Amino acid sequence: MPDNENVYILRTAFEALHKKYYTAICFPVSTVLMNVYTLWTAGQPTDEPFFVTVIVHYPEETISYKPGFWQIVKCAWMQYVSVVVIFIWVLRTVKSYVFQNQLVTSIKYMPWKNDY
């Protein structure tokens, strides 16, 4: 059997707390809390702390934020450098392979020598 006096004290405390914070803010906020458990039981001795686990569901809020120029540059340069380093390494490797294996025909030309 639930202890009606404890339930009344908790309900009164919650209503006082809700009223205090409801009047402290500029816009109205309301909530509906439904009791899933109908039986009040004593769980811990009085010298132990009292813990309450609450799950509150609230709607998703959209927050728009426009970063400044320097904030974009700060993030963009790291991405740019990481991509450039990879491309430089790949292109140097391909260039070395092509010229070392003579996949492209080339002629050695020295303009200071006249062949005629």
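To keep it simple, each residue is scored yes or no on (1) outside any loop (DSSP other than H, G, I, E, B); (2) loosely packed, with under 10 Cβ neighbours inside 10 Å; (3) among the β-branched types (Val, Ile, Thr).
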site	(1), (2), (3)
TYR58	no, yes, no
VAL81	yes, no, yes
ARG92	yes, no, no
SER96	yes, no, no
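Assess whether GLU15 counts as being modelled with pLDDT under 80 and in a helix (DSSP H, G or I).
Spelling it out, GLU15 is indeed modelled with pLDDT under 80 and in a helix (DSSP H, G or I).
The values are calculated or read from the model by the stated rules, or taken from the named source; none is laboratory data. Quick caveat, the model's predicted, so the values are computed rather than measured. Every residue, glycine among them, receives a Cβ derived from its backbone with ideal geometry; neighbour counts consider all protein chains shown.
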